[in-house]
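Notes to accompany the following structure.
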Amino acid sequence: MRSRLKRLADGFDRLVAWICGAATALAALALLATLGMIGHAVAMRYVFGRPQVWVDDLVGFLLVAMVMLAAADVMRRGEHIGVDLLTQRLGRGWRRVVAVWAAVAVLVTALFLVIEGWQTAAFSRELGLMTYGQIEIPLHYVQWLLPLGGALLWLAALAVLLRLLFGDAADGDDA
């Protein structure tokens, strides 16, 4: 039974790795677009004396996209920011307990991000709210990134939790 659960956990982990990898690739494209736009804005301002004020708004929107799309893969790979000063001093069993607790905490947090993000975007859509600045687009376009990123983070946290419970990372070192 345990080997079957491990195979299921491994299969789920591979699926989540693929989904998170695709989201991270989109985040990387957003980063490249941001770098290009900033370079364009700098050249236009200082070489041609024609500032491109719309760039700041678009870069801000893309920054939200980058964070929400890439955070899940970072969490899934165990590279998310963390305080390991105490956990490194714990024994193997306690490290596993802390890693399981952390994965559950991320699951709950991600669920709140999905629910609240969905409600916020739906509310903004219902009221027809627009972004403020040089680029005026429906605000919900940007806000939909919150539940999307939350869902990705939830999947990643579930994959980590399953790996901790049934996989090879049972000591919490890889979570």
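Looking at the structure I just gave you, is Ala121 more than 28 Å from Val59 (Cα to Cα), at pLDDT 90 or above and not basic (Lys, Arg)? It is false that Ala121 is more than 28 Å from Val59 (Cα to Cα), at pLDDT 90 or above and not basic (Lys, Arg). Being surrounded by 13 or more Cβ atoms within 10 Å (Cβ to Cβ) and in contact (Cβ under 8 Å) with a residue 24 or more places away in the chain is a property that Ala17 has.
Could you run through the stretch 29-55 and say how many residues are in a helix (DSSP H, G or I) and touching a helix residue (DSSP H, G or I) at 6+ places or on another chain (Cβ under 8 Å)? Break it down stepwise before answering.
The initial filter retains those residues of the stretch 29-55 that are in a helix (DSSP H, G or I), namely 29-46, 54-55.
Of the ones still in play, those that are also touching a helix residue (DSSP H, G or I) at 6+ places or on another chain (Cβ under 8 Å) are 30-31, 33-34, 37-38, 40-41, 55.
Qualifying residue count, the stretch 29-55: 9.
Within the stretch 56-66, track down each residue that is touching a helix residue (DSSP H, G or I) at 6+ places or on another chain (Cβ under 7 Å) and touching a residue at least 40 places away in the same chain (Cβ under 8 Å). Leu58, Phe61, Val64, Ala65 - these are the residues of the stretch 56-66 that are touching a helix residue (DSSP H, G or I) at 6+ places or on another chain (Cβ under 7 Å) and touching a residue at least 40 places away in the same chain (Cβ under 8 Å). The condition of being surrounded by 15 or more Cβ atoms within 10 Å (Cβ to Cβ), more than 30 Å from Phe166 (Cα to Cα), modelled with pLDDT of 90 or more and of a type outside the set (A, V, I, L, M, F, W, C) holds for Asp57.
Of the residues making up the stretch 53-111, those that are of a type in the set (Lys, Arg) and more than 17 Å from the chain's Cα centre (by Cα) are Arg89, Arg92, Arg95, Arg96.
Given the condition among the aliphatic types (A, V, I, L, M), surrounded by fewer than 18 Cβ atoms within 10 Å (Cβ to Cβ) and within 15 Å of the chain's Cα centre (by Cα), answer yes or no: does some residue in the stretch 112-128 qualify? Reasoning before the result, please.
Step one: filter the stretch 112-128 for residues among the aliphatic types (A, V, I, L, M), giving 113-115, 121-122, 127.
From what's left, surrounded by fewer than 18 Cβ atoms within 10 Å (Cβ to Cβ): 115, 122, 127.
Then drop every residue that is not within 15 Å of the chain's Cα centre (by Cα), which leaves none.
No; the residues of the stretch 112-128 include none that is among the aliphatic types (A, V, I, L, M), surrounded by fewer than 18 Cβ atoms within 10 Å (Cβ to Cβ) and within 15 Å of the chain's Cα centre (by Cα).
If only one of Val106, Val97 is in contact (Cβ under 8 Å) with a residue 24 or more places away in the chain and surrounded by fewer than 18 Cβ atoms within 10 Å (Cβ to Cβ), which one is it? Please lay out each step first, then the result.
Numbers: Val106 fails: surrounded by fewer than 18 Cβ atoms within 10 Å (Cβ to Cβ).
Just a single option satisfies the conditions, and that option is Val97.
State yes or no: is Leu8 in contact with a Phe, Trp or Tyr (Cβ under 8 Å, 6 or more places away or on another chain), outside any loop (DSSP other than H, G, I, E, B) and in contact (Cβ under 8 Å) with a residue 60 or more places away in the chain? The answer is yes for Leu8. Yes or no: the stretch 115-133 includes at least one residue that is in contact (Cβ under 8 Å) with a residue 40 or more places away in the chain, hydrophobic (A, V, I, L, M, F, W, C) and either out of contact with any strand residue (DSSP E or B) (no Cβ under 8 Å at 6 or more places or on another chain) or not in a helix (DSSP H, G or I) (or both). Within the stretch 115-133, not a single residue is in contact (Cβ under 8 Å) with a residue 40 or more places away in the chain, hydrophobic (A, V, I, L, M, F, W, C) and either out of contact with any strand residue (DSSP E or B) (no Cβ under 8 Å at 6 or more places or on another chain) or not in a helix (DSSP H, G or I) (or both).
The values are calculated or read from the model by the stated rules, or taken from the named source; none is laboratory data. What you are looking at is a predicted structure, and each value in this text was computed from that prediction instead of being measured. Methodologically, a virtual Cβ is constructed for each residue, glycine included, from the backbone with ideal geometry; neighbour enumeration extends over all protein chains shown.
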